[in-house]
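Just below is one structure, and these are the notes that go with it.
The numbers here are math on the coordinates, done by the rules we state, and not lab data. What you are looking at is a predicted structure, and each value in this text was computed from that prediction instead of being measured.
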Amino acid sequence: MINRRNFLGLGVGAGAAAALAACGSSGPSGSGSSGGSSGGGAATYWSLSGPPGEPYRQAAIDRFNKANPDTRLTATFYQNDAYKQKIKTSIGAGQGPTMIWGWG
């Protein structure tokens, strides 16, 4: 069952993804650790893995990619401690993702 917090988080995430898709750039130009795809643009999204949130986030990303074939959003899911370390390391190296899901 989806609770209010997950529903609102998905709504904000979908809105942020749509806003990023509408930006004037063609997507990230660096060689980040997450892959993109061919087309008009690419964005990367990192989040925590596991229930209850991952299935909802992945479904929202799949819907976005289906509705926007020229702009791809690529998701990568991490376990909690690995996620914290990966964010610090990648941003410090200037190779962070386009979007990071964070704790409220």
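Just subtract the alpha-carbon distance of Asp62 and Arg4 from 0.36 nm times their residue separation and send over the number in nm, one decimal.
Answer, rounded to one decimal: 18.8 nm.
Apply the a/c threshold of 1.5 to the C-alpha gyration tensor of region 44-98 and tell me whether it is rounded, prolate or oblate.
Verdict is oblate for region 44-98.
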